[in-house]
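J.: First, the structure itself, so that you have it in front of you.
The values are calculated or read from the model by the stated rules, or taken from the named source; none is laboratory data. None of the values given here were measured: they were computed from a predicted structure. Neighbour counts run over all protein chains shown; Cβ positions are idealised from the backbone, glycine included.
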Amino acid sequence: MKSSTLFVLFALVGGQSLPAAGPVGAIAVEKDVKSGFVMRRSHQVVGAICKDADGNDHKVASENDEDDEDDEDDEGNEAEQTSQQRALFAEHRDLADEPAESLLRRYRAEARASEIAHAFPATSIGAMWPDVTIDEVHKEPWFLNEWQAGLLQHSNFSGGPKAVNDLTQQQIYGCRPFAGSGPTWKEAAERLIYIAHNMLRLDFGSLPGFGDVTAVFNTTLVRDMVLISPHDTGQYGMACLHEGVPGNFTPPPLNCSAWPGQVLGTLDHLDHLILPNLYMAYNTSATLPFPFNASGNRSVRNSIRALFQRSAISKVAYEDIPPVDFWASFQFLEANLLGNPRLPESVKYLIGSFQEIFGTPEGRALQRLAAHRAWPLFWAVGSYMPFPPQQMVNTTTASNRRFADPANAANFTDAAVPAGAAATFEEVWSKIEEARASRNLTEADVAEAWSLLSPGQVRVAPLTAEVCGDHCVALDVRGACVCLKDHAALGTSELALVV
């Protein structure tokens with residue numbers, strides 16, 4: 001590689017033009033009427049495609065792992081790159097002085113190691129859209145997508161978020177439209193599972209608004225199911241494709257031109273998504289509607305800083321990384337799964353939302369699910385988010401306060417659980433349970449609970465590319481890997497249900 005994507009990033013921030021890029025190997029995806037989505041290996045593909053049963057082409061995976069710029073072009077721009085880089089990362093010398101190609105290598109490594117996370121509701125009551133719940137994940141042999149879960153729950157498939165999800169899956173992923181008002185089981189099985197790629201290391205793994213529980217998948221087992229877009233495709237569909245927008249909803253204006261051709265990527269081929277991901281939320285040509293105009297002036301520099309300061313590309317300790325704001329929380333790649341991963345081995349661990357279900361019957365149900373599946377369980381305290389939109393857009397959250405459920409950790413991991421951790425956990429559980437009995441949980445409640453919990457629990461960080469093995473599930477912030485006691489479940493048995 002002669003000219004790195006990170007150099008291109010800094011050049012664009014400085015107002016320079018984007019150099020041309022050439023084709024590279026990729027993974028293509030085919031979808032046919034008999035087998036649903038099937039991964040196949042390809043090479044020298046520019047805009048690999050997903051063909052539906054009628055033979056229509058849909059762009060799916062592509063290009064841009066290297067480019068063909070001359071060495072002299074790199075040398076001529078090196079000084080400008082260094083100046084831009086140091087200005088962006090003045091507080092992080094390990095980033096400010098590192099060569100751009102080295103930063104790109106670190107980006108790729110951390111992108112492949114980042115959590116592949118799906119948040120789902122504890123129960124179907126009050127859920128924003130159909131999805132698996134604790135009950136389905138407890139009893140089904142496969143991790144189901146939202147359409148399959150909706151059929152089991154006898155959901156109404158018309159309108160709302162379901163409409164935009166359906167339309168964007170057709171337009172971006174090449175899924176066939178349903179023959180009727182809702183899918184048959186066969187049609188539902190050909191749809192995808194939404195995934196947040198947790199490069200910014202949010203303690204909940206995904207966004208709290210997406211659910212009460214996050215399932216983090218075993219990337220080794222599901223990586224060949226992954227297709228990646230640079231932004232939340234629901235937002236993109238409403239803002240850029242103008243599809244399925246509910247009548248009372250105003251989507252944030254996006255920089256739709258940042259993703260030309262809607263070309264998807266994979267965990268091995270995602271360089272071409274870096275810039276669209278960073279630029280998508282910053283549409284300087286649009287007048288932001290309420291409540292998004294309450295967040296003040298922002299630019300792509302904010303997204304670059306968030307990426308490099310919160311991700312493991314930086315060497316800053318997890319407990320010291322800066323908080324995340326509303327906009328940065330949506331700065332994830334959408335790394336969706338085209339298939340139904342087999343349970344229990346395809347899920348690596350669970351994360352419960354402290355704000356939503358700690359101290360509730362649903363929280364106890366989550367503990368039982370984790371025990372039933374022999375999955376490690378963690379709790380995320382740092383992702384408190386107020387509901388009113390005008391407060392949301394001005395909120396920053398620590399989002400680095402993840403700790404191990406002490407009883408679960410003692411049973412299923414080799415974590416060094418401190419004496420008294422379980423007793424303190426239960427005391428705080430009872431305190432929160434009592435508070436919930438008479439009112440809604442407040443930010444002050446969460447802060448007080450964290451002050452009681454944090455000294456005596458196993459506080460953990462997401463794994464990075466540089467530490468621990470595949471049978472490990474977290475990094476104790478004190479430095480030790482937290483790994484499964486029995487990692488036989490991480491084998492390579494049949495991975496996906498294909499219909």
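J.: Could you give every pair whose Cβ atoms fall below 8 Å, whose first residue belongs to the stretch 161-182 and is over 11 Å from residue 233 (Cβ atoms), and whose second residue is of a type in the set (Gly, Ala, Ser) and buried (at least 21 other Cβ atoms within 10 Å of the Cβ), counting only separations of at least 6 or pairs across chains?
T.: Sorted first by the residue in the stretch 161-182, then by its partner, the pairs are 162/150; 182/150.
J.: How many residues does the stretch 317-342 hold that are surrounded by fewer than 19 Cβ atoms within 10 Å (Cβ to Cβ) and either more than 15 Å from residue 202 (Cα to Cα) or not hydrophobic (A, V, I, L, M, F, W, C) (or both)?
T.: Qualifying residue count, the stretch 317-342: 5.
J.: Considering only residues that are part of a helix (DSSP H, G or I) and free of Cβ contacts under 8 Å to residues at least 24 places away in the same chain, which ones fall in the stretch 215-255?
T.: 239, 240
J.: Out of 176, 191, report the one residue that is part of a loop (DSSP other than H, G, I, E, B), under 25 Å from residue 277 (Cβ atoms) and among the basic types (Lys, Arg).
T.: Working: 176 fails: under 25 Å from residue 277 (Cβ atoms).
Residue meeting the stated conditions: 191.
J.: I'd like to know if the stretch 176-195 contains one or more residues that are closer than 18 Å to residue 334 by Cα and surrounded by fewer than 21 Cβ atoms within 10 Å (Cβ to Cβ).
T.: Checked against the condition, which is being closer than 18 Å to residue 334 by Cα and surrounded by fewer than 21 Cβ atoms within 10 Å (Cβ to Cβ), the stretch 176-195 yields no hits at all.
J.: Can you name the residue in the stretch 449-479 that is within 16 Å of residue 218 (Cα to Cα) and touching a helix residue (DSSP H, G or I) at 6+ places or on another chain (Cβ under 7 Å) and, of all such residues, is surrounded by the fewest Cβ atoms within 10 Å (Cβ to Cβ)?
T.: Of everything passing the filter in the stretch 449-479, 470 is surrounded by the fewest Cβ atoms within 10 Å (Cβ to Cβ).
J.: Considering only the stretch 111-123, state which residues are over 13 Å from the mean Cα position of the chain (by Cα) and crowded, with 19+ Cβ neighbours inside 10 Å.
T.: If the condition is that a residue be over 13 Å from the mean Cα position of the chain (by Cα) and crowded, with 19+ Cβ neighbours inside 10 Å, then 121, 122 are the ones that fit.
J.: OK, next. Only one residue in 368, 364 is in a helix (DSSP H, G or I), under 28 Å from residue 444 (Cβ atoms) and either in contact with a Ser or Thr (Cβ under 9 Å, 6 or more places away or on another chain) or at pLDDT 95 or above (or both), so which one is that? Before you say what the answer is, go through the steps one by one.
T.: Working: 368 fails: under 28 Å from residue 444 (Cβ atoms).
Checking each option against the conditions leaves just 364.
J.: Does any residue of the stretch 315-326 turn out to be basic (Lys, Arg), part of a loop (DSSP other than H, G, I, E, B) and assigned by TED's automatic domain parsing to the domain that holds residue 398?
T.: So in the stretch 315-326, the residues basic (Lys, Arg) come out as 315.
From what is left, the residues that are part of a loop (DSSP other than H, G, I, E, B) are 315.
Among the residues that remain, those that are also assigned by TED's automatic domain parsing to the domain that holds residue 398 are: 315.
Checked the stretch 315-326: at least one residue is basic (Lys, Arg), part of a loop (DSSP other than H, G, I, E, B) and assigned by TED's automatic domain parsing to the domain that holds residue 398.
J.: When you look at residue 379, is it part of a loop (DSSP other than H, G, I, E, B) and modelled with pLDDT of 95 or more, yes or no?
T.: Details: part of a loop (DSSP other than H, G, I, E, B): no; modelled with pLDDT of 95 or more: yes.
Taking the combined requirement at face value, the residue does not satisfy it.
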